[in-house]
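Remarks on the structure that follows.
The values are calculated or read from the model by the stated rules, or taken from the named source; none is laboratory data. If you're wondering where the values come from, they're calculated on a predicted model, not measured in any experiment. Every residue, glycine as well, gets a Cβ built from its backbone with ideal geometry; the counts of neighbours run over all protein chains shown. Only protein heavy atoms, including side chains, enter the accessible area calculation; ligands, DNA and RNA are left aside. Shrake-Rupley method; radii C 1.70, N 1.55, O 1.52, S 1.80 Å.
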Amino acid sequence: MGLSGHQSAAMKNDEWLTPPEILAKLGQFDLDPCAPINRPWPTAEKHYTVHDNGLNQPWSGRVWCNPPFGKFAVSWLKRMAEHGNGIALIPARTETAMFYETVWGKASGVCFLKGRPHFHFVNGKRADFNSGAPICLVAYGKDNLEVLKKSGLGVVVNEVI
Ligand SMILES: C[S@@+](CC[C@H](N)C(=O)[O-])C[C@H]1O[C@@H](n2cnc3c(N)ncnc32)[C@H](O)[C@@H]1O
């Protein structure tokens, strides 16, 4: 089963970690507001977990956001758009209300990943199956758009505002 099958299981499992080879191309982040409690590697200088509820915490600096999927994902992306500095990873469902509310007209640019990534389990193991859905990285702020352009991770569309 692909990742999208797991995602559609109404947030039963949020713990799909970003492949480290993707993070390695994106530079250092100051904050990951939605990180696992026990993580195999850091994704930022500072992490909030479900115990903190990252949505209720102050955000500062350059933010990495691979949000819990499902109906709450839009709240995380809205916060990213308000914050205006960072990169988010979401399914490339470009026609959805979430994309229109938080990406089109709000972000600085979008990188559509080449191929489907294999996410990792919280123990660090790479899943045998791929995401089962197209994935994109959304830049908020011009500097983050430049990072996406240089990343080589996929096709970058800018001027989405
Ligand atoms: C898709 S995973 C991404 C993990 C990590 N940020 C990464 O990129 O590898 C989403 C994470 O959000 C965490 N999470 C869920 N609800 C949260 C909340 N209210 N506050 C902070 N973290 C939360 C989950 O435990 C999970 O680790």
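Quick notes
- For segment 70-84, taking the residues that are among the charged types (D, E, K, R) and in contact with a helix residue (DSSP H, G or I) (Cβ under 7 Å, 6 or more places away or on another chain), the one that is least open to solvent (accessible area, probe 1.4 Å) is identified as Arg79.
- Total residues in segment 40-76, condition more than 20 Å from Leu145 (Cα to Cα), of a type outside the set (Ser, Thr, Tyr) and more than 7 Å from the ligand (Cβ to nearest atom): 15
- Residue in segment 40-49 that is closer than 22 Å to Gly152 by Cβ, among the aromatic types (Phe, Trp, Tyr) and open to solvent by 20 Å² or more (accessible area, probe 1.4 Å) present: yes
- Residues in segment 110-121 that are exposed (fewer than 14 other Cβ atoms within 10 Å of the Cβ) and touching a residue at least 40 places away in the same chain (Cβ under 8 Å): Lys114 alone.
- Applying the criterion of being open to solvent by less than 60 Å² (accessible area, probe 1.4 Å) and more than 6 Å from the ligand (Cβ to nearest atom) to the residues of segment 21-32, the residue that is nearest to His118 (Cα to Cα) is Ile22.
- Between Thr96, Thr102, the distinction of being free of Cβ contacts under 8 Å to residues at least 60 places away in the same chain and over 30 Å from Asn38 (Cα atoms) belongs to Thr96 only.
- Taking the conditions (1) more than 13 Å from the ligand (Cβ to nearest atom); (2) surrounded by fewer than 16 Cβ atoms within 10 Å (Cβ to Cβ); (3) at pLDDT 95 or above; (4) hydroxyl-bearing (Ser, Thr, Tyr) in turn, Ser8 satisfies each one other than (3).
- Test for Val160: is it more than 15 Å from the chain's Cα centre (by Cα), among the β-branched types (Val, Ile, Thr), modelled with pLDDT of 95 or more and over 26 Å from Asn13 (Cα atoms): no
- Any hit, segment 95-104, residues being open to solvent by less than 50 Å² (accessible area, probe 1.4 Å) and of a type in the set (Gly, Ala, Ser): no
- Sole residue being within 23 Å of Lys78 (Cα to Cα) and crowded, with 20+ Cβ neighbours inside 10 Å, chosen from Ala107, Ala133: Ala107
- Tally, over segment 57-69, of residues that are open to solvent by less than 50 Å² (accessible area, probe 1.4 Å) and touching a strand residue (DSSP E or B) at 6+ places or on another chain (Cβ under 8 Å): 9
- A single entry from Trp59, Trp64, Trp76, Trp104 fulfils the requirement of being at pLDDT 95 or above, touching a Lys or Arg at 6+ places or on another chain (Cβ under 8 Å) and of a type in the set (Phe, Trp, Tyr): Trp59.
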